[in-house]
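Novice: Okay, here's the structure, questions in a sec.
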Amino acid sequence: MNFIIYDIEATCWEGRPPSLTQETIEIGALKMDRYGDVLSTFQRFVKPTLHPQLSHFCRELTNIDQVDINRANTFPSVIDSFIDWIDIWDEEYLLCSWGNFDQKIFQRDCALHNLEDDWTDNYLNIRRQYFEIKRLNQPRGLKKSVRVEGFDWDGEHHRAFDDAQNLAKIFQKYIDVWQY
């Protein structure tokens, strides 16, 4: 079994206008074996279709440059590369992210581009199980959880690959505890 510890950054706007649909702009992931060893990594920018121009708020939050988005491939191409990297046909895998946003945005982007999304069903919501393990009643973000667990935060917050690397620290610490 391979664990795909991943994070998504998506288009965003200040105040989250309800009429605007979020799309993936960056995928960051680590592939880990059942012992928590990192086998390989994945990082790609994605050019959104509906709103290809990032808002000022989104550029500030993520530190993703518009030039990187302009040079990126669209979701169908990037997700094909991601699925190939996961190796869903030859290896058992479990997609693991902090909360359910990442799974839902994949599913929305697949629907937007008329792509199958059943590959997203093998999924573990680390945040939900972490809150159960720690018996937490109050919401806590990934960055605070990483620090509470005694780890330093590495990289930039709200960058997909950096967030995935930091999430992997929590995943590895409790690798024998997760229920899937």
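The values are calculated or read from the model by the stated rules, or taken from the named source; none is laboratory data. This is a predicted model, so every value here is computed, not measured. Virtual Cβ from ideal backbone geometry, glycine too; neighbours counted across all protein chains shown.
Novice: Go through the stretch 13-43 and report how many residues are within 27 Å of D80 (Cβ to Cβ), surrounded by fewer than 20 Cβ atoms within 10 Å (Cβ to Cβ) and of a type in the set (K, R).
Specialist: Total meeting the criteria: 1.
Novice: A follow-up question, please. Considering each residue of the stretch 40-61, count those that are in contact (Cβ under 8 Å) with a residue 60 or more places away in the chain and basic (K, R), and give that number.
Specialist: 0
Table: residues versus (1) of a type in the set (V, I, T); (2) in contact (Cβ under 8 Å) with a residue 40 or more places away in the chain; (3) in contact with a strand residue (DSSP E or B) (Cβ under 9 Å, 6 or more places away or on another chain).
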{"site": "W89", "(1), (2), (3)": "no, no, no"}
{"site": "D102", "(1), (2), (3)": "no, yes, yes"}
{"site": "Q107", "(1), (2), (3)": "no, no, no"}
{"site": "N114", "(1), (2), (3)": "no, no, no"}
{"site": "D118", "(1), (2), (3)": "no, no, no"}
{"site": "Y123", "(1), (2), (3)": "no, no, yes"}
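Novice: Select from the stretch 24-58 the residues that are farther than 16 Å from D162 by Cα and among the basic types (K, R) and list them in ascending order.
Specialist: R34, K47 - these are the residues of the stretch 24-58 that are farther than 16 Å from D162 by Cα and among the basic types (K, R).
Novice: Find the residue count for the stretch 145-180, including only residues that are part of a loop (DSSP other than H, G, I, E, B) and either of a type outside the set (S, T, Y) or surrounded by 15 or more Cβ atoms within 10 Å (Cβ to Cβ) (or both).
Specialist: First, pick out the residues of the stretch 145-180 that are part of a loop (DSSP other than H, G, I, E, B): 149-159, 174-180.
From the residues that got through so far, the ones that are either of a type outside the set (S, T, Y) or surrounded by 15 or more Cβ atoms within 10 Å (Cβ to Cβ) (or both) too are 149-159, 174-179.
Adding up the residues that qualify gives 17.
Novice: Could you tell me whether T49 is within 23 Å of D121 (Cα to Cα) and either surrounded by fewer than 20 Cβ atoms within 10 Å (Cβ to Cβ) or modelled with pLDDT of 95 or more (or both)? Steps first, answer last, please.
Specialist: Values: within 23 Å of D121 (Cα to Cα): no; either surrounded by fewer than 20 Cβ atoms within 10 Å (Cβ to Cβ) or modelled with pLDDT of 95 or more (or both): yes.
So T49 does not fit the description; no.
Novice: Do we have Y93 as surrounded by 13 or more Cβ atoms within 10 Å (Cβ to Cβ), touching a Leu at 6+ places or on another chain (Cβ under 9 Å) and not acidic (D, E) here? Show your work before the answer.
Specialist: On the way: surrounded by 13 or more Cβ atoms within 10 Å (Cβ to Cβ): yes; touching a Leu at 6+ places or on another chain (Cβ under 9 Å): no; not acidic (D, E): yes.
When the stated conditions are applied, Y93 does not pass them.
Novice: Oh, and also: Need a quick list: helices (runs of 4 or more DSSP H) entirely within the stretch 27-141 having at least 3 residues that are under 14 Å from I8 (Cβ atoms) and over 13 Å from the mean Cα position of the chain (by Cα). Can you show your working first?
Specialist: On the way: elements: 56-62, 66-71, 75-86, 101-112, 126-134.
Filter on the stretch 27-141 gives 56-62, 101-112.
Novice: Could I ask something else about it? Being in contact (Cβ under 8 Å) with a residue 12 or more places away in the chain and either surrounded by 16 or more Cβ atoms within 10 Å (Cβ to Cβ) or of a type in the set (D, E, K, R) (or both) is the filter; apply it to the stretch 62-73 and report the residue that is nearest to H113 (Cα to Cα).
Specialist: Keep residues of the stretch 62-73 that are in contact (Cβ under 8 Å) with a residue 12 or more places away in the chain, which gives 62-64, 66, 68-73.
With the extra rule that they be either surrounded by 16 or more Cβ atoms within 10 Å (Cβ to Cβ) or of a type in the set (D, E, K, R) (or both), the set shrinks to 62, 64, 68-69, 71-72.
Numbers: T62: 24, I64: 23, D68: 21, I69: 18, R71: 19, A72: 16 Å.
Only one residue tops the list, namely A72.
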